[in-house]
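Trainee: Dropping the structure in here first, questions after.
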Amino acid sequence: MTKKEINLAQPAMKHGKWQIEDHTQGSDCREVLLFRMVDQDHEFSLPLSVVLNCLWIAEKEGYVPKLPEQWKIDVENAY
């Protein structure tokens, strides 16, 4: 696959800020945060749970260093 064929997604930006939908204040949504993303052809959202699951997989596969157990506890308690 050439570099041109790779479809890189980036955070959606508005006025220099990432577009994040905060649902922590009682919105009728199962996700607390949705990260707005864009690529060459689409705009889409990534729920926080998906981001955390991807991080967990990357950790298990050795692509990122092991996260401290307290960090994981803090994330679980926050949401």
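Trainee: Taking amide H atoms as placed 1.01 Å from N in the peptide plane, list the residues 5 or more away in sequence, or in a different chain, whose amide H sits under 5 Å from that of Val64.
Mentor: Glu59
Trainee: Gain in length, Lys66 to Ser45, computed as 0.36 nm per residue apart minus the alpha-carbon separation, to one decimal in nm?
Mentor: 4.9 nm
Trainee: Can you tell me which of 58-70, 34-46 comes out highest on packing, and rank the rest after it, using the mean Cβ neighbours within 10 Å?
Mentor: Values: 58-70: 9.8, 34-46: 13.4.
In descending order of packing, they fall as 34-46, 58-70.
Rule-based calculations on the coordinates, nothing more; no lab input. Computed from a predicted model, the values in this text were never measured in an experiment. Here Cβ is always computed from backbone atoms with ideal geometry, including for glycine, and neighbour counts include all displayed protein chains.
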